[in-house]
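Below: the structure, in structure tokens.
The values are calculated or read from the model by the stated rules, or taken from the named source; none is laboratory data. Everything numeric here is computed off the predicted structure, so don't read it as measured data. Because the Cβ atoms are built from the backbone with ideal geometry, glycine has one as well, and the counts that use them run over all protein chains shown. Please note that ligands, DNA and RNA were not included when accessible areas were found on the heavy atoms of the full protein model with its side chains. Shrake-Rupley method; radii C 1.70, N 1.55, O 1.52, S 1.80 Å.
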Amino acid sequence: MLIPLRPGELQRLIPAVATGSQFRAALGSPREILQRVMVAAIGGVITLLISQSQMASRWGPFWLVTGVVFLLYVLWGPIVQAGQRNATLRRYPSAALFEGEVAEVTTRERIENRHEQADSSGKLELVENRRTWMLLELEDEDGYLGRLAFPMDKKHQVIRQGTVVRCLVLSDRKDFSRVSALSDAWIPGLRLWVGDYPFLLRPAFEELCQLRLARR
């Protein structure tokens with residue numbers, strides 16, 4: 001079942017500026033965090049040194065500001081990234097509240113990253129870091145809707161076929177004849193949120209579900 005959102009509701013549910021949970025999600029893996037720290041440190045130190053040597057010129061303040069921006073990259077980098085990801089759903093002209101059920105539950109191994117490291121004999125070998133993802137096929141009385149995929153955790157093992165799921169459906173068509181994207185999803189019976197990224201302001205979405213679905 002699809003219930004179209006009213007004007008302004010999509011922007012209220014998916015903010016333009018990153019929330020705390022979105023910031024944490026955008027931080028990425030420890031390796032990505034380390035890369036940001038290195039960029040911030042190297043870029044910040046170099047530009048600050050340049051600013052010290054250029055203080056007497058008109059370019060001194062520019063290099064000083066640039067150095068501060070580099071040093072703060074660890075903070076503003078994830079904020080910008082989360083904002084860009086939010087914008088991918090906020091741009092759709094049509095959004096609707098979906099309530100359906102899980103038609104099928106499957107799991108799949110995905111390669112998170114590859115890197116080379118030396119073994120005990122000193123030879124380089126390719127190491128793959130894998131992670132199990134859960135895939136939920138969603139449907140309602142009108143048939144198949146789409147697939148929701150996310151990294152699997154122990155708490156997800158209770159999800160079964162027939163479990164009720166609620167999420168947002170995004171489309172570039174007013175009749176939703178083509179589904180373009182799905183948000184993260186709320187499973188009310190298990191009081192569990194699933195998804196690979198927390199697009200939605202969760203308390204606001206739960207409140208919207210209570211208001212709109214209770215009127216059916």
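So the values come out like this:
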item	result
Semi-axes of the equivalent ellipsoid for segment 1-59, Cα gyration tensor, largest first, Å	42, 19, 6
Length-normalised contact order of the chain in % [C-alpha pairs under 8 Å, at least 6 apart]	21 percent
Accessible area of the chain belonging to carbon and sulfur atoms, whole % at 1.4 Å probe	55 percent
Segment 125-215: radius of gyration and largest Cα-Cα distance (Dmax), Å	15.0, 60
Dipole of the chain [Lys/Arg +1, Asp/Glu -1 at C-beta], most positive-end residue of ALA41, PRO61, LEU2	PRO61
Most to least accessible of PHE23, PHE70, PHE205 (protein chains only, probe 1.4 Å)	PHE70, PHE23, PHE205
Alpha-carbon spread of segment 159-212, three principal axes, descending order, Å	32, 26, 22
Segment LYS155-ILE50, extension gain: residue separation times 0.36 nm, minus the distance between their alpha carbons	32.7 nm
Two-site label geometry, ARG31 and ARG212: point separation in nm, points 7 Å out along Cα→Cβ	3.9 nm
Charge dipole magnitude, Cβ of K and R +1, D and E -1 - the chain, Cα centre, debye nearest 20	620 debye
Separation of the TRP59 and THR132 label points, Cα + 7 Å toward Cβ, nm	5.7 nm
Between segment 173-216 and segment 1-56, the alpha-carbon center distance in angstrom	25 Å
Fraction in percent of alpha-carbon pairs per bin - 10 Å, segment 31-89	25, 37, 25, 11, 1
For the chain, calculated [θ]222 nm from helices alone, where every DSSP H run of n ≥ 4 adds -39500 (n - 2.57)	-11500 deg cm²/dmol
Angstrom value of the Kirkwood radius, inverse mean 1/r, which spans all Cα pairs in segment 55-108	15.9 Å
Value of Rg/Rh across the chain [Cα atoms, Kirkwood radius]	1.10
